[in-house]
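The values are calculated or read from the model by the stated rules, or taken from the named source; none is laboratory data. Keep in mind the model is a prediction, meaning the values are calculated, not measured. Reconstructed Cβ throughout: ideal geometry from the backbone, glycine too, with neighbour counts over all protein chains shown. With ligands, DNA and RNA removed, areas are computed over all heavy atoms of the protein, side chains included. Shrake-Rupley method; radii C 1.70, N 1.55, O 1.52, S 1.80 Å.
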Amino acid sequence: MSKQGGKGAAGKGKKPAKAGGDDKREDALQAVIIADYFQDRFRPFTLDKPRCLLPLVNIPVIEYTLEFLASNGVQEVFIYCGTHSEDIEQYIHESTRWSPNSAISPFSSLEFIRVSDATSVGDFLRDLDKRSLISGDFILVHGDLVANIQLDGILAKHRARREANRDACMTVVLRSVGEEPHRAAKARGITPVFVIGDTDGRCLQYDEIHPLMKDRRLLLDPSVFKHGSFELRSDLIDCGIDICTPDVLALWSESFDYELPRKNFLHGVLKDWELNGKLIYTEIFEDGYAARASNLQMYDCISKDILERWVLPFAPDSNLMHDQSYQKVKNNSFVESGVLVERGSKVLQSAIGKDTSIKAGSVISGSVVGRRCQVGKNVKIKDSYIFDDSTIEDGAVITHSILAGGVKIGANVRIPEGSLISYNVEIDRDVRLPTKLPARISAKTDNGQPVENDASLVGPGGKGAVYSVTADDSDSDSDDEGDGDPAQLQNNLIYSLEGLNISTLSVSTLASEDDYDSDEDDEHAGYLHAGDGQRERLSSFTSDDASKLDAFHGDAVNGLVDALRGDDNADFDSAKLEFMGLRLANNASDSSMRRAIAVAFTKRAAEMLTPEHGGLEPAKAAERVLKDKNGAVKFIKDVGVGGDDVKQQTEFALALQKGLVSVRGLEPSRAGTLLAALLQQLYTLDVLEEDGILAWWADRRADEGDTMTTVKERCKVLVDWLEEADEEDSDEDEDDEDSD
């Protein structure tokens, strides 16, 4: 256990030193794990356990972090603990792999450090500077990191920059979203924005955007433009991996008021670099996985990514811990030994822990169930996480929720989407929890005392009461007076802007090419319009060509819309020639062309619904916008879609959906009806094929956000018809084969 001393305390566990160990200490790769986050995002679960010990697909989160460090050759580890420090130390010391006394530990030393009066991550790092424990480059991570990337190349580049310039003090490791991102790439809420030199990778400015920003614009620092060409990137996952020199700790000590690693430290150091002289660089990797379970939504995303094998070798059947026995079974599921699944039950794309029993008629899908759980008859569990030793009685329904250990759910109870049921809560049979707001129920108060049971909530035989979270300053990344607190976007399992007095349609995506009505003067003056926090594969912008991209999209959309508005039935060839000329002049990508065409046609179709432009019904507007101009359909097929490939058709259908979502003043339900009419027309005109539309329907990006989902759902009748037609064709083919 930790020794006590002063404001901080350190508990050390070291293996016997080898000969020449002191000489080699400077070469030892060190790592610092921040295991306290000074946040309430996981309450009430963290009243019982620290975030880093909560199970993520039935493995404590810190296991993934330690495995990542071990796989990258880290030799010395320092763990900074705050609340629940005794629990973390006990867990590590009892581990056969990580205990400092273990013969199989990959680390030469592992030390715990406590700081009794710490109130922020900044306090931890200022304390670390005073201790003089860091002898060279070190890796700074959080105890909720899940990553499988290798840092060898990134470390080599960091050291080379350090040798060339002693002021190069830090490298921020970032993950590119990619064209087909996993769920963690789509998490919404607070979106980091990095301004990066496009030739040297130097980080020039850091900011954050979120839907609650009052101004909804970010001002680029004038010094950025002195660097030459640069990129504005909001399509990066900040996984919280930093490679640092001891100079970083000195910078923390010099800035006593810095609390947050990004919003305070990174933003401040970059802003004042001409005074401090320190340089920070970025390394962006394309392959591999890295993300933090930093909030409930990310916890959900990473769990799904692990189940779907995005994070290999971290998959349930890899059996990361020595006592695990997972095997992959049918329906893309994983079960441990001793699991009993009675006949008539189904387990679909889920993980089930050891000695859990599932009785007849129950269906578990997209979920993780811990060890020694009892699931009764006809239970429905969907997209949920149930910790060890929980009991779910007959007929209960649990949807997209988290149930901690020792929970008991009575027969026929309905747990609504987004609910958080903490340790040892009991809900009596036949209870219907309120659905208006996600339930957050705890059996204890903030000070650890049992709550006064609320029978109106959990039933006469239940145990627990509503737990209310009040985000404090340390849980917020916003320093802007007048802005809403973005922490409230990340305190729930379900991302929602409902009740926040904000319209997602009034906030344009960062540097969005879809927002052709934006104020170009502002953008060219160095302003950046803030988005709704959705991560998308966005184009990179440089100081030389940002205006070209703006000009292409705006001119292309306006030119096409003007052509579509024309009263005559002239050929579309002149509009096509003008469009292709703009493409060549601005070096626009295929995706930029597709987006511009989709926006132009959806804008014109939406116009036709208004009284000023004819007041047409959606079906008629869709027909007119495609058929009124000779050659328009061919233009869409050849240039907008670009071929017969299913992926190209999927992307165009998705672009149409996003185009309609971005039309100001168009109700989502009406936008969905218009989208269905457009897709049906394009299918009839042989522009989109059945497989392309069905692939769009199955694409996860079509469900990003409530508005996107509402628009998509209006197309269900069309999709059902296509699927039925496909089944009939299959049956006819089988009949033909039988007759042969």
Want the number for Arg670 to Ala619: 0.36 nm per residue separation, take away the alpha-carbon distance, what's left? 17.3 nm
Does the stretch 221-276 classify as rounded, prolate or oblate by the C-alpha gyration tensor (a ≥ b ≥ c root eigenvalues; a/c under 1.5 gives rounded; else a/b over b/c gives prolate, otherwise oblate)? oblate
Residue order for Glu86, Glu308 - accessible surface, 1.4 angstrom probe, largest first: Glu86, Glu308
For Thr610, residues with placed amide H under 5 Å, excluding near neighbours: Gly615, Leu616
Using a 1.4 Å probe on heavy atoms of the protein chains only, the accessible area for Trp273 in Å², nearest 10, reads 80 Å²
Could you pull out every residue, at least 5 positions away or on a different chain, whose amide H is within less than 5 Å of the one on Val451? Hs are placed 1.01 Å off N in the peptide plane, and Pro or chain starts have none. Lys444, Thr445
With every protein chain left in place, what is the accessible area of Glu667 in Å² (1.4 Å probe, nearest 10)? 120 Å²
Accessible area, 1.4 Å probe, largest first: how do Val451, Val711, Val466 sort? Val466, Val451, Val711
Positive-pole candidate from Ile306, Val329, Tyr289, dipole of the stretch 285-334, charges at beta carbon: Val329
Let me spell out the model: positive unit charges on the Cβ of Lys and Arg, negative unit charges on the Cβ of Asp and Glu, origin at the Cα centre of the stretch 266-360. What dipole size does that give, in debye rounded to 20? 460 debye
Got a sec? What order do Thr673, Thr435 fall in by accessible area at 1.4 Å, biggest, i.e. largest, first? Thr435, Thr673
Would you mind classifying the stretch 588-720 by shape? Square roots of the alpha carbon gyration tensor eigenvalues, ordered a ≥ b ≥ c; an a/c under 1.5 is rounded, otherwise it is prolate if a/b is larger than b/c and oblate if not. rounded
Sequence-distant residues sharing a close amide H with Ile79 (under 5 Å, placed H): Ile33, Glu111, Phe112, Ile113
The farthest towards the positive end of the charge dipole of the stretch 216-255, of the residues Gly240, Ser223, Leu251, given +1 on Cβ of Lys and Arg and -1 on Cβ of Asp and Glu, is Ser223
Going down the table (Lys328/Lys354; Lys304/Lys354; Lys576/Lys716; Lys304/Lys380; Lys359/Lys716), which pairs top 22 Å between alpha carbons? Lys576/Lys716; Lys359/Lys716
For the stretch 452-468, in order, what is each residue's ³J(HN,Hα) by Karplus, 6.51 cos²θ - 1.76 cosθ + 1.60 with θ = phi - 60°, in whole Hz (x at glycine and Pro)? 7, 4, 9, 5, 5, 9, 9, x, x, x, x, 9, x, 8, 4, 10, 9
For the stretch 319-363, what class follows from the C-alpha gyration tensor (a ≥ b ≥ c being the square roots of its eigenvalues): rounded when a/c is under 1.5, otherwise prolate if a/b is larger than b/c, else oblate? oblate
Expected vector for the stretch 33-43, Karplus 3J(HN,Hα) from phi with 6.51, -1.76, 1.60 and θ = phi - 60°, integer Hz, x for Gly and Pro, equals 10, 8, 10, 9, 10, 6, 9, 10, 5, 9, 6
Accessible area of Met608 in the full protein assembly, 1.4 Å probe (Å², nearest 10): 10 Å²
Roughly how many whole Å is it from the C-alpha centroid of the stretch 249-293 to that of the stretch 421-451? 39 Å
